[in-house]
Every structure is written in structure tokens, then in C-alpha cells.
Amino acid sequence: YPSPCHPAAPPEHIKEPLAYMRKAQGSWEKRILKSLNSMCTELNIPLAQKRPVNEQKELLNKWNEMGTDEPDLRLFRPVYAPKDFLEVLMNLRNPNYENGEQPSFRNHLGLIQVPLKVKDIPELKEDFSELGLNLGQLGIDDSAQVPPEFFENEHVHVGQKVLAEQDSAAAQQYVRQGCPTALRADLWALILNISNQPEDILYYEQLKSNVIQHNLLVDSLIYKDVKLTASNDDYYFVFEDYLYQVLLCFSRDTSILEHFTYSSATPPKSYIQGKLGVEEYAVFYPPNGMINYNSFILSVAPLCFLYHEPSKLYQIFREMYVRFFFRLHSISSHPSGIVSLCLLFETLLQTHLPQLFYHLREIGAQPLRISFKWMVRAFSGYLATDQLLLLWDRILGYNSLEILAVLAAAVFAFRAVNLMEVTSLAAAEAVLADLSTLKVMPLLQIFLFATVT
């Protein structure tokens, strides 16, 4: 939820207090809309249309096997990719801040050039104190003092008590040390206040009937994203049908519009034909106010391992999105926003691995160019699934995305020796191409608590 602010503050200040951030977000949205509209014009396809009755019946019959469909999507292109978004963030400037050409102690050597307050290692240690070296963690295989099974058995026992009490705050505190696999689905649902009541199931069914009745242009973008991303992924290809169901329903869900009261973004509007600019003929498009970007499905796919009932899977994903993931795709000054995460990542590297940072910068391999795609996708698609879920435990536990920037810096620290020998961006990317063997928790602990400050 947004932090409380002065009662006289105008609504846009609640969304984003910095005017230059609001302006940048506005022009980024215009660019996305232009891309969508030009595709609409080129392909001569309406933004939305009612499906013919026979098509509705056909879709209803194959609702659980949509992956068998092979529509021709060659002409559809993603509205934007992470590298386009990074270019926009790199050009952000605060007009009130003197950032002259002359190098000074104030100059930040990274790609992000906005003066936001980010945490240093001592502050992060305090915030993430439950990750300390002297505390048990799920996801650490070789604890020296305590045999892992002792901690694990005790931790599972405590987790069962937390679930029995149905205490959301206790669950949030508990998952900071990791979730036992058998309890994770229930604990996350408790933290996110998802109970899957009959009315929730009914709401999901209404969204499904909206999908069946109307065809949206963005549906083709969802199809293409699933085909390009999940169908070729060793972990996620089995969930192809779930992904279609969840994302098609998500695009129709108007309850998601509520998060725009505290997001710096504004939902795009479409006008009924011939009534352009007449407000009473305006509708939000898509109905949830959010145009999908390339690889958006990666924020849903890991949840398919935990939830096998479509309506519950849907609710968990929607709540994860409106609490956390929307911040990775909008320009804001929020500490969990993507701009702050990029700046935190660069500051940690610059402060604690200055030689590595300088070396990569000199050879034209700015570290953020490599790590941006990890953070913007919350590491989904990069880490092994068991490790990714341990990382997302901590996002829920700390109610913050800052851990993404810390992990990105920790990965560079872990591969520092190899990175010091590379001579190009391509070589640096090759060193960091495969993160699937990494163990998240030891990396985070060593970086946070064994770094000399």
C-alpha cells in the first residue's frame, strides 16, 4: 500500500511525488500506445471484437488445451522488450540537479543518473537481519553448526503452527528464513490473504466468460509470449494451458485498475469508433489497464508449481502483481521501483567491487546492461525453480523487491574473478549466461554478511 502522506497532497503526488518521474512515465506510456496502435493499423485488426458464436463454442471446448492451437502470429511483435525500457531509464535526469560534464565526487559512474536515496550494506544488513550467518535458513545445504535436518524439522513444525493460527503477519515473518516446500502454497496464500471462497471462483468464471465472448488484440500478444517463452522452457512448457487461462483472464480483470491509485502508471484509454476524445465514450484498454510486455508470462509460470487450481493460481498471481511486480515495469522513485533497484545494484557494485565495476565499464560492458533483464523479470527464467521460489519467499517476507538488486550484485561478486579477465560485453554476458546452477541463499548471505564494509 502507498505510504501515508499529507492530507492536502494532490492525487498525482500519492502516485509519484517527483514531477520528472511522472513526466517520464507519461512519455513511456505514449510510446507503448504508439507501438500498439501502429501494429493495430498495419495488421488492420480491431482492438476488440465480439467472437462469432461458433468460435465461442470452440474456445470453450478447448479451454483446457489451448496449447494445441497454432495460430499464425508472425506479424505480431512484442510491444517492448527490457532493453527498450533500460534505454528510457538511462536517459532519466532530474532537472533540478546539477550534473555537469566535469567529473566530481558526486558523479555516479553507472548508467542510472538520478539522485535517489538507496541503502548501503550496513542498512541492508539491518533490514535483512534474518538472513544472518548465525541463523538457520532453508536453502543452505552445508550449515556448519547445526545439521540441516535439525533446523528443517523444527522450522517445518513452526510453519505448521503458523498455518494453524492463520496469522498473516506471523507467516510473513516466518518465510524470511524460507518456506518448506510442502507448506509454501498455503503460507503464500495466507500472506497474500487469498482464501479462494465460492465468490472468488465465481469471479474467475466471469472473467473466463469475458474471454470466451470477446477477442482482444492483446490476446495475440499473450499467445505469442507463451509460445516464445514457455513452450521452449524445460521447466514451464507443461504449464502452457494454465498460462493462457491466467493471462487471458488477467487482461479482462477491471479490479486491477485499483492499483493505479498508488502506481505511477496510468491505464491507457480507447475511444469508441468515431468518438475520439469524447470522455463518456472512453474505456480502459485492455480492461485491466495494462499492456503486456515481452516475457510477462515469467511472473506467472513459477506459481504453477504451487497452485493447480486455476482460480487460486489466478488470485495469487493477481495479488503478487498488484503488490510487487507492477513496480518493475513503471518509472517511479519508490524504493522497490525498478529505477531504485538499478541504482542500488550499481551503487553496491561500485562501492564494494570498484575494480570490477571500473574494468567492465572501461570495456563497454556496463554491469546493468547484463543484470537489468534479471531484475525486471524478478530472476524468473534464469534461476532453477527451487532457488527462484526461495528468493520469492524473501520478497514476500520482507515486503520489498530490494533483494533482487542485492542478489544481482552478489552474482557479479561470485563471478568476479572470471569477469576481470573478459574484454567485451559479449564475453561478460557469456560468463553470466547460465545462472541455473547458482544457490541463492549462500550468495546473498556471503555478499551481505561477509563483505568487508
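The values are calculated or read from the model by the stated rules, or taken from the named source; none is laboratory data. Given the structure is predicted, the values throughout are model-derived calculations rather than measurements. Here the Cβ positions follow ideal geometry from the backbone for every residue, glycine too, while neighbour counts run over all protein chains shown. Heavy atoms of the whole protein, side chains included, go into the accessibility calculation; ligands, DNA and RNA do not. Shrake-Rupley method; radii C 1.70, N 1.55, O 1.52, S 1.80 Å.
Enumerate the lysines that residue 439 could reach by cross-link, defined here as Cα to Cα under 20 Å, with residues fewer than 8 away along the same chain left out. Filter leaves 125, 373.
In this structure the amide hydrogen of residue 233, modeled in the peptide plane, comes within under 5 Å of no amide hydrogen from residues 5 or more places off or on another chain.
Provide 333, 129 ordered by accessible surface of protein heavy atoms (probe 1.4 Å), highest first. Show your work: numbers first, answer last.
Working: 333 30, 129 55 Å².
Listed by decreasing accessible area, they come as 129, 333.
Tell me, what % of the accessible area of the chain is carbon and sulfur with a 1.4 angstrom probe? Intermediate results must be reported in sequence, preceding the final value.
Numbers: 11500 of 21390 Å².
Carbon and sulfur atoms account for 54 percent of the accessible area of the chain.
Ranking of 266, 423, 229 by solvent-accessible surface, largest first: 423, 266, 229 (1.4 Å probe, protein heavy atoms only, all chains present). Given +1 at the Cβ of Lys and Arg, -1 at the Cβ of Asp and Glu and no other charges, the dipole of the stretch 321-386 around its Cα centre is 200 debye to the nearest 20.
Each peptide in 402-410, 199-207 was scored by the mean count of other Cβ atoms within 10 Å over its residues; highest first, the order is 402-410, 199-207. Computed from the Cα positions only, the extents of the chain along the three principal axes stand at 66, 59, 50 Å, in decreasing order. Largest accessible area first, the listed residues 234, 127 line up as 234, 127 when surface is computed with a 1.4 Å probe on the assembled protein chains.
Can you give the accessible area of residue 269 in Å² (nearest 10), computed on protein heavy atoms with a 1.4 Å probe? Roughly 100 Å² of residue 269 is accessible to a 1.4 Å probe. Estimated from helical segments only, the mean residue ellipticity of the chain at 222 nm is -15500 deg cm²/dmol, where each DSSP H run of four or more residues counts as -39500 (n - 2.57).
When 1/r is averaged over all different Cα pairs and the result inverted, which Kirkwood radius in Å belongs to the stretch 338-450? Let's see the in-between values first.
On the way: mean 1/r = 0.0712 Å⁻¹.
Averaging 1/r across every pair of different Cα atoms and inverting gives 14.1 Å.
Dipole magnitude of the chain about its Cα centre, charges +1 at Lys/Arg Cβ and -1 at Asp/Glu Cβ only, in debye to the nearest 20? Display every interim value, and only then the final one.
Details: 38 positive and 50 negative charges, 283 e Å.
Taking the Cα centre of the chain as origin, the dipole is about 1360 debye.
For the chain, what is the accessible area per residue in Å², given a 1.4 Å probe and the full set of protein chains? Intermediate results must be reported in sequence, preceding the final value.
Numbers: 21390 Å² over 453 residues.
Roughly 47 Å² per residue, with all protein chains present.
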